[in-house]
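The values are calculated or read from the model by the stated rules, or taken from the named source; none is laboratory data. The shown structure was predicted, so the numbers you read here are calculated from the model rather than taken from an experiment. Neighbour counts are summed over all protein chains in view; Cβ atoms, including those assigned to glycine, are modelled from backbone coordinates with ideal geometry. Heads up: the accessible areas ignore ligands, DNA and RNA and are worked out on the full protein's heavy atoms, side chains in. Shrake-Rupley method; radii C 1.70, N 1.55, O 1.52, S 1.80 Å.
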Amino acid sequence: MGKKLDIIIIVDVEATCWSESPPPGQENEIIEIGICTLDIATGKRLEKESILVKPERSTVSEFCTQLTTLTQAQVDTGISFAEACAMLKQKYLSHQRVWASYGDYDRRQFERQCQSRQISYPFGTRHINVKTLFAIVHGLSIEVGMDEALQLLNLPLEGTHHRGGDDAWNIAAIFSELLLKRPIQK
Ligand code: AMP
Ligand code: MG
């Protein structure tokens with residue numbers, strides 16, 4: 001299976017959450033997978049999608065709705081996590097492509113959830129942490145949050161922060177800015 005370098009898949013997940021640790025018997029589970037594809041040749045954002053995922057071992061708390069705007073009724077219309085992983089592979093060829101997220105949370109949550117449910121991990125090994133890359137490229141002494149990175153670039157935060165699709169779209173704008181600074185002439 002070939003490794004493609006045509007687009008980068010930017011992923012941002014939202015998960016069930018509480019102000020403290022999960023209540024007894026519940027665990028953090030992915031409820032939204034936001035995806036934005038970024039064309040490597042042009043640095044342009046191509047498509048944005050939000051996949052809602054129905055949680056199986058937890059429910060959406062009031063705290064979680066406050067943070068993400070997502071309600072239990074909304075995620076009840078979602079597909080299963082297994083179906084979402086299959087879709088990433090089929091539609092986005094996620095196992096053949098480079099994927100990226102802001103920080104390491106999204107990658108670790110996918111790993112944890114695939115492992116605990118014996119679901120095949122939908123990605124390959126080529127993950128880029130945009131948060132770290134942004135700080136390194138701009139010579140920052142510490143990593144900054146997505147909203148601060150957008151401010152530093154004078155870019156607007158489009159859509160609703162903490163919604164996967166909008167977060168992925170905004171992270172793609174940050175990555176695009178890094179991508180277009182190409183010092184090496186080909
Ligand atoms: P984000 O991509 O920043 O919207 O965060 C992804 C997920 O991390 C959220 O859906 C929550 O599950 C969790 N999360 C983010 N911020 C918080 C917070 N302040 N308290 C609890 N969980 C959080
Ligand atoms: Mg998010």
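By the rule of a C-alpha distance below 29 Å, with chain neighbours fewer than 8 residues away ignored, the lysines paired with LYS48 are LYS3, LYS4, LYS89, LYS91, LYS131, LYS181. In this structure, the amide hydrogen of ILE128, modeled 1.01 Å from its nitrogen in the peptide plane, lies closer than 5 angstrom to those of TRP99, ALA100, SER101, counting only residues at least 5 positions away or on a different chain. Based on Cα contacts under 8 Å between residues 6+ apart, region 120-186 shows a relative contact order of 27 percent. What a 1.4 Å probe finds exposed on the chain is 53% carbon and sulfur by accessible area, rounded to a whole percent. Potential lengthening of the chain between GLN118 and ASN154 amounts to 8.7 nm, from the contour at 0.36 nm per residue minus the alpha-carbon distance. FRET efficiency for the LYS44 to ILE79 pair, using the beta carbon distance and R₀ = 30 Å, is estimated at 0.60. Taking amide H as placed 1.01 Å from N in the peptide plane, the amide H of VAL13 sits under 5 Å from that of GLY34, each at least 5 places away or on another chain. For the chain, the solvent-accessible area with a 1.4 angstrom probe is 51 square angstrom per residue.
The Cα center of region 90-157 and the Cα center of region 15-50 differ in position by 10 Å. The longest part of the chain holding none of the exposed loop GluC sites (Glu not before Pro), meaning those outside H, G, I, E and B in DSSP with at most 14 other Cβ atoms within 10 Å, is 57-157.
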